[in-house]
Amino acid sequence: MAEAAQYLDSQALNRLMHLTLQARSPMEGSVSGLHKSPHRGSSVEFAEYRNYVPGDDIRRLDWRVFARTDRFFLKEFEAETNLRCYFVLDCSGSMNFGSGLFNKLDYAKRLAATLAYITAHQGDAVGLVCAAGKTFLEVPPRRNPAHLRTFFEALEKARAHGPTGLIAALHGVAEKVRRRALVIVLSDFFCELDPLLNCFQHLRFQKHDLALFQLLDRSELEFQFDRPLRFVDLESSASIVTEPAGIREEYLRQIGLFLEGLRSGCHEFGADYRRVVTDEDYEKVLADFLVERAALAASHQ
């Protein structure tokens, strides 16, 4: 799978493959799997008793309870189901920025590729939405490992250019994806905050599990420039020449307000928010993400 080679580190993947990607909320699917369903079923894990009503299968009656109470109760069990995971990749021009080994889009592709590989090999479906301006590239979710080739081909073709189309893409996912899904968004989220939070609210209203990776270059956070520079808007090509020392304090104040607003909004709408700097070890970022989700899923059992 040549398309995957540039995004997958085989050694890192081997260390991560013992982990699974877990949903934080019940999922709906057509086959059995790792994840809790909102529907009751006939799996091995007991959930609760309920009163018998005419028409119920009498084979599910608990006769021991009947012997103690002289009342008919049925055992119900947690049904497990498969997961549909949608990766939404921001391909706007600002994702092309990088002062280190990776720009933000390359780093996002590595995260998406590794998570998709793990998810497909645990028997769950992966899909991809690439958003830039008014252009969308969509790969519908499929379960089979062979589908990964299509996923990686689309990932390889994705390029960072133009204004952001993230808000329209997220509303599109919320409208089109009818069954509960895990939606993983990889972006710098450089767009208007209120419309962005409306997207999160829309997705949560549809009962999707929302996970966000905000990818930032360290220079965007620290603004350690020491000479006059021309700053170019990668989404519009507008530019300005300025002395960084003269605007650093206000820049840091404004980006701090934006990041805090985004974090608070994610908390309000129940989104799993992670800020990632592109010089961080991506394997550790993913390991922390997978381990924390597994622990949370286990605590809800």
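Every read-out reported here was derived from the displayed coordinates using simple, explicitly stated rules and does not represent laboratory data. In this text, all values refer to a predicted model and were calculated from it rather than measured experimentally. A quick note on method: Cβ atoms are made from the backbone with ideal geometry, for glycine too, and the neighbour counts reach across all protein chains shown.
Considering only Cys266, Cys191, Cys85, give the residue with the highest GNM mean-square fluctuation for the chain, with springs between Cα atoms whenever their separation is below 10 Å.
Largest GNM mean-square fluctuation: Cys191.
Which whole-Hz ³J(HN,Hα) couplings does segment 214-220 yield from phi under the Karplus relation 6.51 cos²θ - 1.76 cosθ + 1.60, θ = phi - 60°, glycine and proline marked x?
Coupling constants for segment 214-220: 8, 9, 9, 7, 4, 5, 6 Hz.
Step through the residues of segment 102-112 one at a time and calculate ³J(HN,Hα) from phi using the Karplus curve (6.51 cos²θ - 1.76 cosθ + 1.60, θ = phi - 60°), rounding each to whole Hz and writing x for Gly and Pro.
Along segment 102-112, the couplings run 10, 7, 5, 5, 4, 5, 4, 5, 5, 4, 5 Hz.
Efficiency by 1/(1 + (r/R0)^6): what FRET value for Trp63 and Ser299, r their Cβ-Cβ distance, R0 = 35 Å, to the nearest 0.05? All intermediate terms of the calculation are to be shown ahead of the outcome.
Details: r = 33 Å, r/R0 = 0.94.
According to the calculation, E is roughly 0.60.
First measure r as the distance between the Cβ atoms of Leu257 and His121, then evaluate 1/(1 + (r/R0)^6) with R0 = 35 Å and state the FRET efficiency to the nearest 0.05. Please report the intermediate quantities before stating the final value.
Details: r = 41 Å, r/R0 = 1.18.
Once rounded, the FRET efficiency stands at 0.25.
Expressed as an acute angle from 0 to 90° and rounded to the nearest 10, what is the orientation of the C-alpha long axis of helix 166-176 relative to the principal long axis of the chain?
Once rounded, one gets 20 degrees.
Measure off 7 Å from each Cα along the Cα-to-Cβ vector at Glu222 and Leu101, then give the distance between these two points in nanometres to one decimal.
Going from the Glu222 label point to the Leu101 one covers 1.7 nm.
If each residue of separation counts as 0.36 nm, what is the full-extension length gain between Glu153 and Phe205 once their alpha-carbon separation is subtracted? Write down the numbers at each step before the final one.
Details: separation 52, 0.36 × 52 = 18.72 nm, distance 3.19 nm.
Gain on stretching Glu153 to Phe205: 15.5 nm.
Starting at the first residue of segment 139-151, write each ³J(HN,Hα) from the Karplus equation 6.51 cos²θ - 1.76 cosθ + 1.60 with θ = phi - 60°, in whole Hz, x for Gly and Pro.
Karplus values, whole Hz, x for Gly and Pro: 10, x, x, 9, 8, 6, x, 4, 5, 4, 4, 4, 4.
Restricting attention to the alpha-carbon atoms of segment 151-301, what are Rg (one decimal) and Dmax (integer), both in Å?
17.6, 57
Extension gain Ser10-Ile167, at 0.36 nm per residue separation less the Cα-Cα distance, in nm? Walk me through the numbers on the way to the answer.
On the way: separation 157, 0.36 × 157 = 56.52 nm, distance 3.38 nm.
Gain in length upon complete extension: 53.1 nm.
Largest first and to the nearest Å, give the Cα extent of the chain along each principal axis.
85, 41, 34
Distance cut-off 18 Å, Cα to Cα: go down the list Lys109/Lys284; Lys157/Lys284; Lys109/Lys157; Lys134/Lys157; Lys109/Lys134 and report the pairs above it. Walk me through the numbers on the way to the answer.
Numbers: Lys109/Lys284 16 Å; Lys157/Lys284 26 Å; Lys109/Lys157 11 Å; Lys134/Lys157 16 Å; Lys109/Lys134 20 Å.
Too far apart for the 18 Å limit: Lys157/Lys284; Lys109/Lys134.
When only DSSP loop residues count, what trypsin sites (Lys or Arg not before Pro) in segment 93-158 have their Cβ near at most 14 other Cβ atoms within 10 Å?
On the way: sites: Lys104, Lys109, Arg110, Lys134, Arg142, Arg143, Arg149, Lys157; in loops: Lys134, Arg143.
Filter output for segment 93-158: Lys134.
Which angle between 0 and 90 degrees, to the nearest 10, do you get for helix 282-299 versus the longest principal axis of the chain when only C-alpha atoms count?
The helix 282-299 is inclined about 30 degrees to the chain.
Give the value in nm², to one decimal: projected area of the alpha carbon convex hull of segment 124-164, averaged over all directions.
Working: hull surface 11.4 nm².
Projected over every direction and averaged, the Cα hull of segment 124-164 covers 2.8 nm².
Pull up the DSSP beta bridges for the chain and report the antiparallel fraction as a percent, rounded to 5.
Values: 20 of 44 bridges.
Bridges in the chain are about 45 percent antiparallel.
Multiplying the sequence separation of Thr242 and Glu280 by 0.36 nm and subtracting their Cα-Cα distance, what value in nm do you get?
Working: separation 38, 0.36 × 38 = 13.68 nm, distance 2.93 nm.
This chain segment gains 10.7 nm when fully extended.
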